[in-house]
Every structure is written in structure tokens, then in C-alpha cells.
């Protein structure tokens with residue numbers, strides 16, 4: 001009887017926190033759906049542990065805990081891939097940062113001083129500016 005209290009309590013706290021974060025607009029809905037699904041799954045397994053045993057028997061897994069760890073690792077892998085995709089997408093949308101532009105200005109001022117500024121460096125600047133979506137202020 002007491003073996004399901006801790007998972008049920010953890011799932012309840014997770015549900016409460018997710019709903020509170022959604023209510024205060026601190027978490028987007030697309031992320032909350034995943035965590036609400038995970039907490040409802042934990043509630044289901046805590047209240048009805050035979051669901052996990054049946055799933056293990058149907059998939060041919062020897063023990064239900066192995067199935068639970070496999071599914072948990074799979075969920076974490078999916079979350080990591082999804083977050084990596086989001087970060088990559090946001091990096092493509094983010095313009096060149098101010099320290100990088102400052103470095104570029106210093107580089108071209110030094111190239112002008114040394115007389116080594118060529119069309120190759122201008123091409124590099126134009127390529128960087130067009131890739132970041134900025135206008136080239138040094139060419």
C-alpha cells in the first residue's frame with residue numbers, strides 16, 4: 001500500500017508546479033504538455049502497477065523496472081533532442097553579438113593600420129554580415 005504513495009506525491013507536486021507555471025505564463029504550453037503527460041503516466045503507474053507489468057510482458061521485457069528505466073531514458077533522449085533543435089533554431093535567429101562586432105572593428109582597424117586589408121578580408125566581412133543578417137558597417 002505504501003509503495004505507491006511516494007510516486008503519487010511526486011506526480012501530484014509535478015502537476016501542481018506545471019499548472020502554476022502555466023498559470024503565471026512562465027512555461028510555454030508545448031513544454032508543459034510533455035511534463036503533464038509524464039506526471040499523469042507516473043500517477044497511472046503508481047495507482048495501477050499492473051499496467052507496467054502488463055507492458056513488460058507484452059514487449060518481452062524481463063522485469064517491469066527495466067521497461068520503466070528504458071522508457072524514462074527514451075523520454076529524456078527525446079527531450080534532449082527537442083531542446084537541442086530549439087537551441088539550434090534560436091541560434092540561427094540571433095544576430096551577431098556586440099562583443100563579436102567589437103572584435104571585428106578592432107580587426108579591421110588593425111588591418112587598415114598595417115595595410116593588410118584586402119578584398120579577401122572585405123569578402124570575409126561581407127560574408128559574416130550577410131550570414132548574421134547585419135549590414136556591414138566596416139566595408
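The values are calculated or read from the model by the stated rules, or taken from the named source; none is laboratory data. Note that the structure is a prediction, hence the values are computed from the model and not measured. With ideal geometry, Cβ positions are generated from the backbone for all residues, glycine too; neighbour counts draw on all protein chains shown.
Things worth noting here:
- Residue within the range 22-40 that is without any contact (Cβ under 8 Å) to a residue 60 or more places away in the chain and closer than 21 Å to residue 63 by Cα present: yes
- For the range 36-55, the condition of being farther than 20 Å from residue 3 by Cα, modelled with pLDDT of 90 or more and surrounded by 11 or more Cβ atoms within 10 Å (Cβ to Cβ) holds for none of the residues.
- The conditions of being part of a helix (DSSP H, G or I), in contact with a helix residue (DSSP H, G or I) (Cβ under 6 Å, 6 or more places away or on another chain) and either more than 15 Å from residue 12 (Cα to Cα) or in the same structural domain as residue 11 (by TED's automatic domain parsing) (or both) are met by residue 36.
- Counting the residues of the range 41-60 that are part of a helix (DSSP H, G or I) and in contact (Cβ under 8 Å) with a residue 40 or more places away in the chain gives 2.
- Verdict on residue 84 being loosely packed, with under 12 Cβ neighbours inside 10 Å, assigned to a helix (DSSP H, G or I) and assigned by TED's automatic domain parsing to the domain that holds residue 8: yes
- Test: residue in the range 1-10 that is touching a residue at least 12 places away in the same chain (Cβ under 8 Å), touching a helix residue (DSSP H, G or I) at 6+ places or on another chain (Cβ under 6 Å) and under 15 Å from residue 75 (Cβ atoms): no
- Any hit, the range 26-33, residues being within 19 Å of residue 70 (Cα to Cα) and surrounded by 13 or more Cβ atoms within 10 Å (Cβ to Cβ): no
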